[in-house]
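A short worksheet on the structure shown next.
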Amino acid sequence: MSQYQAVKGTRDIFPEEAAQWKHVEEVVHTLASLYGFSEVRTPVFEYTELFQRGIGATTDIVGKEMFTFLPDPGGRSLTLRPEMTAGVMRAALQRNLLSQAPVHKLYYISELFRKERPQAGRQRQFSQFGAELLGVSSPAAVAEVLTFMMQVFETLGLSGLRLRINTLGDLEDRARYREALRSYFQPYEGELDESSKERLEKNPLRILDSKNPALRDMIAGAPRLFDFVKAEGVREFEAVLRFLADRGIDYDVDHLLVRGLDYYCHTAFEVQSTALGAQDAIGGGGRYDGLAKELGGGKEMPAVGFAVGMERLLIAMEKQGLFATLNPHGPLVYVVVQQSELADHGMQVAFKLRRSGISTEIDLAARSMKAQMREANRIRSGYALFVGQSELESGQYALKNLVTSEQTTLELQAIIEILREPSIREGLKA
RNA sequence: GUGAUUGUAGCUCAGUUGGUUAGAGCGCCAGGUUGUGGCCCUGGAGGUCGGGGGUUCGAGUCCCCUCAUUCACCCCA
């Protein structure tokens, strides 16, 4: 084993797996343009304060999971982005996007960093694709974003998904609810577990998230956030649900769903996959109308977004056998050179084929013909083209179909004509 | 951060109560005559048994430390 290994919580992706990533990324790009979302790319690191203000200083992400560093002594603290929304919002505010047009629909596929203990579906460097719709957060906008996300899953063929959705009300609703929750749990304080006790102080809403079965009954009896949401908020939430129903998107309203990031308000949602282990949240999102103001944007900017964990998506797809048909084919032609003196001529032939748009491979290690043929077979080349003394003299090359074993002898130009036929690949499926 | 788990060739794994030059399958490489693969046959390369320390006449096998993996808690995508 080598002296160096990949850093804890990071991993290498080799060609076979890279093909799976590419497949998923292509679907995301295609559907994004179908839905009118444009790609944004923002820097991998930002000033630390951006995340402290945006995500919330008391959240776990900011509190203990960020990779933070000082670029130089006395400089401003920087942090590797642990999520995308804050950075995208910062970019939008900096560019004053909304003065160019009232609505912006952005999407991304990006790497994020969180200093957590690695686990299945949880790494320290991971990727998300997601969308941010800026300028409106109406029920229609929420539905737009959700529909895009769900169609990606559908197009990829993913099953066993559950969409949970809830409304968190506005800041005021939640403030009142927080107090109600506190006074509900206060008498039980002795029965709460350590982390829940801490949450009682900092963020009582998160007690509702607890997986601790001992607390289940206590949580079930707690007041519901939904009952604190003002009539207008309820009406909007119902409108969102109607949009989903109209599109045939199944959902479960879950009044216990609260999200861990401070900026969410009103509609919040999460998608779970039954194909995953403990880390079963494959995507999530919601409205974050207050984020712009929090970041010093002056006024509120209505916004909705979601993020989907790429690694988790890939794991779920793999478990469901959705990559089985993903068979990358080899080159169309493998140029087999008889002897090393002909290597230059072989390269010349390969070059011509490639210039003609024909994917071509050739041995670069001066190996025996047998080895070259094995190689051609191993990488599933469609044809072998022989370059030998007789070819050099006659200008007629032997072309062998490696599937049917048929072999013909033709001039190079004729071979190029044949191989350029788009249907040539189909004939190899035998 | 807490708990448990695993760590032997490129990959998947065997290695009995500690005992001679550490094994298999797959993969890789080379041959099986003279310019041709896939099957088959033969041969070969490749491991300081995660790292460090200790116990012992002797450790891949026991003990300690360390690093990493995996799973769960936690958190989230």
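The values are calculated or read from the model by the stated rules, or taken from the named source; none is laboratory data. Given the structure is predicted, the values throughout are model-derived calculations rather than measurements. In this analysis, Cβ positions are derived from the backbone assuming ideal geometry, glycine residues included, and neighbour counts consider all displayed protein chains. Each accessible area value is taken on the protein alone, full model and side chains, heavy atoms only, with ligands, DNA and RNA left out. Shrake-Rupley method; radii C 1.70, N 1.55, O 1.52, S 1.80 Å.
Using every pair of separate Cα atoms, the Kirkwood estimate puts the hydrodynamic radius of the range A:1-152 at 17.4 angstrom. Axis angle, to the nearest 10 degrees, between helix A:139-156 and the longest C-alpha principal axis of chain A: 40 degrees. Evaluating 6.51 cos²θ - 1.76 cosθ + 1.60 at θ = phi - 60° for every residue in the range A:31-37, the Karplus couplings come out as 5, 4, 6, 4, 8, x, 9 Hz, glycine and proline recorded as x.
Calculated accessible area for the range A:269-365 comes out at 43 Å² per residue, all protein chains present (probe 1.4 Å; ligands, DNA, RNA ignored). Looking at chain A as a GNM with Cα springs under 10 Å, which of A:A19, A:A180, A:A384 has the largest mean-square fluctuation? Of A:A19, A:A180, A:A384, the Gaussian network model singles out A:A384 as fluctuating most. Protection proxy ranking of A:401-408, A:77-84, by the mean of other Cβ atoms within 10 Å over each peptide's residues and highest first, is A:77-84, A:401-408.
Solvent-accessible surface (1.4 Å probe) assigned to A:T325 amounts to roughly 120 Å². By the helix-only formula, in which each DSSP H run with n ≥ 4 contributes -39500 (n - 2.57) and the sum is divided by residues, chain A has a 222 nm mean residue ellipticity of -11000 deg cm²/dmol.
Sorting the segments A:148-161, A:39-52 by their residues' average number of neighbouring beta-carbon atoms within 10 angstrom, most packed first, yields A:148-161, A:39-52. Each peptide in A:261-270, A:232-241 gets a packing score, the mean of other Cβ atoms within 10 Å over its residues, and the list from highest to lowest is A:261-270, A:232-241. Bridgeable aspartates and glutamates around A:K370 (alpha carbons under 16 Å apart, same-chain partners fewer than 8 residues away excluded): A:E361. Applying 1/(1 + (r/R0)^6) with r as the Cβ-Cβ distance of A:A214 and A:Q396 and R0 = 60 angstrom yields a FRET efficiency of 0.15. Normalised Debye scattering of the range A:72-151 at q = 0.25 Å⁻¹ gives log10 I(q)/I(0) of -1.19, counting only Cα atoms as equal scatterers and leaving out solvent.
Per-residue Karplus couplings for the range A:385-396, computed as 6.51 cos²θ - 1.76 cosθ + 1.60 with θ equal to phi - 60°, are listed in order as 10, 8, 10, x, 4, 5, 4, 4, 6, 8, x, 9 Hz, Gly and Pro entered as x. Potential lengthening of the chain between A:A120 and A:E17 amounts to 35.4 nm, from the contour at 0.36 nm per residue minus the alpha-carbon distance.
Compared with the dominant Cα axis of chain A, that is its longest principal axis, helix A:171-185 is turned about 70°. What FRET efficiency comes out for the pair A:A366/A:Q5, r = Cβ-Cβ distance, R0 = 35 Å, nearest 0.05? E between A:A366 and A:Q5, to the nearest 0.05, is 0.55. Over the range A:59-103, accessible surface divided per residue gives 52 Å², non-protein components excluded, 1.4 Å probe.
Within a Cβ distance under 10 Å of A:G290, other residues only, what is the Lys/Arg minus Asp/Glu net charge? Surrounding charge for A:G290 is -3.
Working from the Cα coordinates of chain A, the gyration tensor eigenvalues give, after taking √(5λ), semi-axes of 55, 23, 22 Å in decreasing order. Say the cut-off is 26 Å between C-alpha atoms; which of A:K64/A:K211; A:K64/A:K202; A:K8/A:K105; A:K115/A:K211 go over it? Beyond 26 Å: A:K8/A:K105. In this calculation the C-beta distance from A:D227 to A:D252 is compared with R0 = 22 Å, giving a FRET efficiency of 0.75. For the range A:233-257, list residues with backbone N below 16 Å from a point placed 7 Å from the Cα of A:Y184 toward its Cβ? What the label zone holds, given the 16 Å backbone N cut-off, is A:254-257.
Can you compute log10 of I(q)/I(0) for the range A:333-429 with the Debye formula, treating each Cα as one identical point scatterer, at q = 0.14, 0.15, 0.21, 0.25 Å⁻¹? With one equal scatterer per Cα and no solvent, log10 I(q)/I(0) is -0.45, -0.52, -1.08, -1.57. Between the alpha-carbon centers of the range A:133-211 and the range A:8-60, tell me the distance in whole angstrom. Each part's Cα centre sits 22 Å from the other's.
The value of relative contact order for the range A:333-429, using C-alpha pairs under 8 Å at least six residues apart, is 28 percent.
Given the range A:101-244 reduced to its alpha-carbon atoms as identical point scatterers, what log10 I(q)/I(0) does the Debye formula return at q = 0.17, 0.20 Å⁻¹? Those come out to -1.23, -1.24, one per q.
Relative to the 2.2 N^0.38 Å rule of thumb, the range A:217-348 has a C-alpha radius of gyration ratio of 1.82. Could you check how much of the accessible area of the range A:92-164 is carbon and sulfur, as a whole percent, using a 1.4 Å probe? Of all accessible area on the range A:92-164, carbon and sulfur atoms account for 44 percent. The fraction of accessible area contributed by carbon and sulfur in the range A:333-429 is 49 percent, rounded to a whole number (1.4 Å probe; ligands and nucleic acids excluded).
3J(HN,Hα) along the range A:211-228: 8, 5, x, 5, 9, 4, 5, 4, 5, 4, x, 6, x, 9, 4, 3, 6, 9 Hz, from the Karplus curve 6.51 cos²θ - 1.76 cosθ + 1.60 with θ = phi - 60°, whole Hz, x for Gly and Pro. Computed over neighbours whose Cβ is under 15 Å from that of A:P302, the net charge equals -4, Lys and Arg +1, Asp and Glu -1. Each Cα pair under 8 Å and six or more residues apart adds its sequence gap; the mean of these over the residue count of chain A is a relative contact order of 15 percent.
Please give the net charge around A:L78, taking every other residue with its beta carbon less than 13 angstrom from that of A:L78, where Lys and Arg add +1 and Asp and Glu add -1. Net charge around A:L78: -1. The H on the amide N of A:G382, modeled in the peptide plane, is under 5 Å from the matching H of A:L332, A:V333, each at least 5 residues off or on a different chain. Here A:K197 is the anchor, and the aspartates and glutamates within straight C-alpha reach of less than 18 Å, apart from those fewer than 8 places off in the same chain, are A:D60, A:E179, A:E189, A:D209, A:D217.
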